[in-house]
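Quick notes on the structure that follows.
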Amino acid sequence: MDILFYDTKPYDREAFAAALESYPDIKIKFLKADLTENTARLARGFDAVCGFVSSEIGKATVDILNECGIKLILMRCAGFNNVDIDTCKKRGIRILRVPGYSPEAVAEHAMALALTVNRKIHKAYVKVRENDFSLSGLIGYTFHGKTAGIIGTGKIGQAMVKICHGFGMKCIAYDYKPNPEIADICTYLPLERVLSQSDLISLHCPLTDATHHLIDKKTIPLLKDDCILVNTSRGALIDTEDLIEGIRAHRFFGVGLDVYEEEAYNVFEDRSEQILESSVTARLLSFPNVMITSHQGFFTREALTAIANTTLDNAMSFVKNEESPNEVKSKNG
Ligand code: NAD
């Protein structure tokens, strides 16, 4: 099986090259370019393509892949909101993803963001480097005894509940499918109550029609004063313009974003020599209580190895025409 890998970086190539040793029937060509309708034609002659979080796999891209004879899209990530599933179904193209390669890695990053904006680690780092050993502007609050509200308690949300529980926080959660594994350490409540009772809110549900702009000008007024909001899931769970208004209105103690709307242009790119084109990103970066990282929640050595192995397993299950629990069949997974 010949697979064309889009949007690859040196660390992807390294992880997949190591994993390939156990899959002699698979050959990979690595491309730097991402998968979009402009690059989809490069897939002619391959059996499958592999995309990532910023790939644009809408109707136009899927139609071109179909014309090129592609019958398998491998997503080397958990999310698949960027794939037009209906068109894939109509064209008989299967989609296989990597649902849970290292949920703890993402949850640990979510807590890192929460701690950073709470204890102002980003400011303290710069101050001390400048020989400013004063504590002004660095006061945070103690997480122990506070309430963590987790929205979406699948694999990552569950790991986040366990971390917050370990910090001595009271855990409440919203999910339409409560997770029995955390029933003893977490109480499920309606969304509005989770939002209004939590000191720390961490988003871990997928981006779907139902969760799009879950945090917006209608829900921000429900939040507890001085809460911390963390999003490591998908940018469009939060309406960024409404978030900016909320930050300006002093509704948040801190905001930690590993994902944000408009990230697609920036994500995984070095733009340090360029002037930022997006005013949304620039405005978010202007707030002292906002910490942004560039979709690095998954980025641990263990996760990269797991992503490579599962993606290649997915390819083999397609070759053998096997059913796979990693197949995306609808917008809900
Ligand atoms: P999962 O499928 O295990 O869990 C998602 C949970 O959300 C499920 O329990 C589901 O019932 C719940 N859910 C779905 N729709 C909901 C709704 N409308 N309201 C409330 N709950 C709802 O997924 P996961 O592996 O925990 O991943 C969660 C998300 O994290 C992914 O969709 C992806 O977008 C994101 N992610 C980000 C990174 C990163 O690097 N930042 C890495 C991996 C995944």
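Would you grab the residues whose amide H sits under 5 Å from the one on residue 169? Only those 5+ places off in sequence or on another chain, please, with H modelled 1.01 Å from N.
Here the answer is 145, since their amide H atoms fall under 5 Å of that of residue 169.
Could you run the Debye sum over the Cα atoms of the range 1-140, one equal point scatterer each and no solvent, and tell me log10 of I(q)/I(0) at q = 0.15 Å⁻¹, two decimals?
Results for the range 1-140 at q = 0.15 Å⁻¹ read -0.77.
Which far-off residues, 5 or more places away or on another chain, put their amide H under 5 Å from the one on residue 253, with H placed in the peptide plane?
226, 227, 228
Take the residue pairs 59/177; 9/89; 155/329 and return only those whose Cα atoms are more than 28 Å apart. Write out the running numbers ahead of the final one.
Numbers: 59/177 30 Å; 9/89 30 Å; 155/329 19 Å.
Where the Cα-Cα span goes over 28 Å, the pairs concerned are 59/177; 9/89.
In the chain, what cysteines have no partner Cβ closer than 4.7 Å?
50, 68, 77, 88, 164, 205, 227 - these cysteines have no disulfide-compatible partner (Cβ-Cβ under 4.7 Å) in the chain.
Obtain the nm distance between the two label points defined at residue 248 and residue 133 by a simple spin-label model: each point lies 7 Å from its Cα along the Cα-to-C-beta direction.
Each label point lies 7 Å from its Cα, and together they span 4.1 nm.
Give me, ordered by chain and number, the residues 5 or more places off residue 28 or on other chains with an amide H under 5 Å from its own placed amide H.
Those lying under 5 Å, H to H, from residue 28 are 3.
Pick from 227, 68, 164: which is most flexible by mean-square fluctuation in a GNM of the chain where alpha carbon atoms under 10 Å apart are linked?
In this elastic network of the chain, the residue with the biggest mean-square fluctuation among 227, 68, 164 is 68.
Can you give the extra length, in nm with one decimal, that the chain gains between residue 275 and residue 225 once fully stretched, where that is 0.36 nm per residue apart less the Cα-Cα distance? Write out the running numbers ahead of the final one.
On the way: separation 50, 0.36 × 50 = 18.00 nm, distance 3.47 nm.
Net length gain for the segment: 14.5 nm.
Which three numbers, in whole Å and largest first, are the semi-axes of the equivalent ellipsoid of the range 152-244 derived from its Cα gyration tensor as √(5λ)? Before the final figure, lay out the partial values.
Numbers: eigenvalues 87, 44, 27 Å².
Semi-axes, largest first: 21, 15, 12 Å.
Which three extents, in angstrom, do the Cα atoms of the range 241-333 have along their principal axes, listed largest first?
Answer, in whole Å and largest first: 55, 33, 24 Å.
Which value, in Å to one decimal place, does the Kirkwood hydrodynamic radius take for the range 208-276 when every pair of different Cα atoms is included?
13.0
Using only the Cα atoms of the range 1-71, what semi-axes does the equivalent ellipsoid have when each is the square root of 5 times a gyration tensor eigenvalue? Give whole Å, largest first.
Details: eigenvalues 91, 41, 13 Å².
Calculated on Cα positions only, the semi-axes equal 21, 14, 8 Å.
Convert 25 °C to kelvin, take the viscosity as 0.890 mPa s, use the Kirkwood radius over C-alpha pairs of the chain as Rh, and evaluate the Stokes-Einstein diffusion coefficient in µm²/s, rounded to a whole number. Walk me through the numbers on the way to the answer.
Values: Rh = 21.0 Å.
Stokes-Einstein gives a translational diffusion coefficient of 117 µm²/s.
Identify which of 159, 236, 183 has the largest mean-square fluctuation in a Gaussian network model of the chain, with springs joining Cα atoms closer than 10 Å.
183
Give the carbon-plus-sulfur fraction of the accessible surface of the chain in %, rounded to a whole number; probe 1.4 Å, heavy atoms of protein chains only.
Values: 8410 of 15940 Å².
Answer for the chain: carbon and sulfur cover 53 percent of the accessible area.
Using the Karplus curve 6.51 cos²θ - 1.76 cosθ + 1.60 with θ = phi - 60°, what ³J(HN,Hα) values do you get for each residue of the range 240-245, in whole Hz, with x for Gly and Pro?
Running phi through 6.51 cos²θ - 1.76 cosθ + 1.60 with θ = phi - 60° gives 5, 4, 5, 4, 4, 4 Hz.
When the Karplus curve 6.51 cos²θ - 1.76 cosθ + 1.60 is applied with θ = phi - 60°, which whole-Hz ³J(HN,Hα) does each residue of the range 325-331 get, with x for Gly and Pro?
Listing the rounded values in order: x, 8, 6, 8, 10, 8, 4 Hz.
If you wrap a convex hull around the alpha carbons of the range 174-333, what volume per residue comes out, as a whole number of Å³?
Values: hull volume 25.5 nm³, N = 160.
Convex hull of Cα atoms, per residue: 160 Å³.
Compute the length gained on full extension between residue 125 and residue 38: take 0.36 nm times their separation in residues and subtract their Cα-Cα distance, giving the result in nm to one decimal.
Numbers: separation 87, 0.36 × 87 = 31.32 nm, distance 4.22 nm.
Between residue 125 and residue 38, full extension yields 27.1 nm more.
Between 0 and 90 degrees, rounded to the nearest ten: what's the tilt of helix 155-166 against the longest Cα principal axis of the chain?
Roughly 30 degrees between the two axes.
If R0 is 45 Å, what FRET efficiency do you get for residue 218 and residue 13 from their C-beta distance, rounded to 0.05? Before the final figure, lay out each step's value.
Values: r = 44 Å, r/R0 = 0.98.
Calculated value: 0.55.
Length gain on complete extension for the stretch residue 31 to residue 301, per 0.36 nm per residue less the alpha carbon to alpha carbon distance?
Details: separation 270, 0.36 × 270 = 97.20 nm, distance 2.13 nm.
95.1 nm is the gain from fully extending residue 31 to residue 301.
How big is the C-alpha Rg of the range 67-219 next to the rule-of-thumb value 2.2 N^0.38 Å, as a ratio?
Numbers: Rg = 19.4 Å, N = 153, 2.2 N^0.38 = 14.9 Å.
Scaled against compact globular proteins, the figure is 1.31.
In sequence order, what are the phi-derived ³J(HN,Hα) couplings for the range 89-104 according to the Karplus relation 6.51 cos²θ - 1.76 cosθ + 1.60 with θ = phi - 60°, rounded to whole Hz, with x for glycine and proline?
Working through the residues one at a time gives 4, 4, 8, x, 9, 8, 10, 10, 10, 10, x, x, 6, 6, x, 5 Hz.
The values are calculated or read from the model by the stated rules, or taken from the named source; none is laboratory data. All figures in this text were calculated on a predicted structure; none of them were measured in a lab. Don't worry about glycine lacking a Cβ; one is built from the backbone with ideal geometry, like all the others, and counts go over all protein chains shown. These accessible areas exclude ligands, DNA and RNA; they are computed on the full protein's heavy atoms, side chains included. Shrake-Rupley method; radii C 1.70, N 1.55, O 1.52, S 1.80 Å.
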